[in-house]
Amino acid sequence: MKISVVTAVFNRTSTIAEAMKSVQAQCYGDVEHVIQDGGSTDGTLEEISRLANDTASLVSEKDSGIYDAINRGIGRASGDVIGLMHSDDFFASEDVLTKVVRGFSDPAVDGVYGDLQYVSASEPDKVVRHWRSGEYRPSMLQFGWMPPHPTLYLRREVFERHGLYDTSFRIAADYDAMLRYLAKGKIRLAYIPEVLVKMRLGGESNRSLGRILQKSREDLKALRNNGVGGVGTLAAKNLSKLGQFIVKDGNAK
């Protein structure tokens, strides 16, 4: 089984090296790293060129935003299974993709996901938020549940049947896509009860009050578009995050 890891990047010279090294350090052998750059001008391309090995594939071109870049990367991917590695993120261990492949041993499984930790941007060893996702049941969607997007790996057929990311969303296309795959596509997921990915705090959706409000509007649109719920589901989704900030020894209390 070939795994494609897609990274969309734009002007991330301070973090792209760690993301690339994290992919290269994986024990699983059949991996390609598809890097889609939006035309970086800060030295990111030089960092990528310095670190690239024969598993990395780079295209640098203007795009209309992160979801357009991700879609282009997925379009270039040749793997049986496709997942994302954001340019600010890194794998929690060297055997993450081995565990992902193991999760696909059941041919009825369409996707695999795990847990996620948010870490300090300046101190990546400091865990700020621990997202234990738990086992998926379809009824959970109405209570705001979603798999942590950076940990989600899907068979290629999921994208082919149910589409890529809707670029009319600027912040919440990932939530919309996951609801489409789960609520409409009724795909089957397997859960790995371990932290798979660590994400630096400071993402686009939380940079300002305006961005937070825009994300809420887009989340509500995604819920309604996919027939999952409305304002109540959105409220439950946001409230469910509170417990993730209670961290002890790198885990939720």
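The figures follow:
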| read-out | value |
| --- | --- |
| Cα-Cα over 25 Å, subset of Lys221/Lys241; Lys184/Lys237; Lys184/Lys221; Lys21/Lys126; Lys99/Lys198; Lys99/Lys221 | Lys99/Lys221 |
| Peptides ranked, highest mean first, by Cβ atoms within 10 Å: ranges 147-155, 122-130 | 147-155, 122-130 |
| Total charge dipole magnitude, the chain, about the Cα centre, Cβ charges on Lys, Arg, Asp, Glu only, Debye to nearest 20 | 1080 |
| Least to most buried among Ser133, Ser216 (fewest other Cβ within 10 Å first) | Ser216, Ser133 |
| Compactness relative to 2.2 N^0.38 Å, alpha carbon Rg of region 126-170 | 1.46 |
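Values quoted throughout were computed directly from the atomic coordinates according to the rules given, and no laboratory measurement underlies them. Note that the coordinates shown come from a computational prediction; the quantities given were computed from them, not determined experimentally. In this analysis, Cβ positions are derived from the backbone assuming ideal geometry, glycine residues included, and neighbour counts consider all displayed protein chains.
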